[in-house]
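Please read the structure below before turning to the comments.
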């Protein structure tokens, strides 16, 4: 397993450029060092294990957890209208052009005082 903190952490901390994580292992390796972009943990679809025919994509809602040093505590983001809200929020946090879908929840989660 690659140690992303050793490989990319120094550049991330000195430049502020985000690291794009591609696996849970890499996310948790460096999550403790997150300073700029909050960590969002979610799923792309829900699976209902009690569904008897199949268990793929059987739930409409998925969990969404947001963690970070600047993230407000105890915020209920409610039921989002679309999964694209996560992408729009990430674009907003990174300061890139808005995406064509989704509504950012950056202002709901970021504590500007921290």
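Any residue at all in segment 77-92 that is surrounded by 12 or more Cβ atoms within 10 Å (Cβ to Cβ), assigned to a loop (DSSP other than H, G, I, E, B), at pLDDT 85 or above and in contact with a helix residue (DSSP H, G or I) (Cβ under 7 Å, 6 or more places away or on another chain)?
yes
I need the full set of residues from segment 93-105 which are surrounded by 14 or more Cβ atoms within 10 Å (Cβ to Cβ) and outside any loop (DSSP other than H, G, I, E, B), in order please.
93
I need the full set of residues from segment 61-91 which are over 12 Å from residue 108 (Cα atoms) and either more than 12 Å from the chain's Cα centre (by Cα) or not assigned by TED's automatic domain parsing to the domain that holds residue 112 (or both), in order please.
Across segment 61-91, the qualifying residues are 61, 62, 69, 79, 80, 81, 82.
The values are calculated or read from the model by the stated rules, or taken from the named source; none is laboratory data. This is a predicted model, so every value here is computed, not measured. Glycine also receives a Cβ, built like all others from the backbone with ideal geometry; neighbour counts cover every protein chain displayed.
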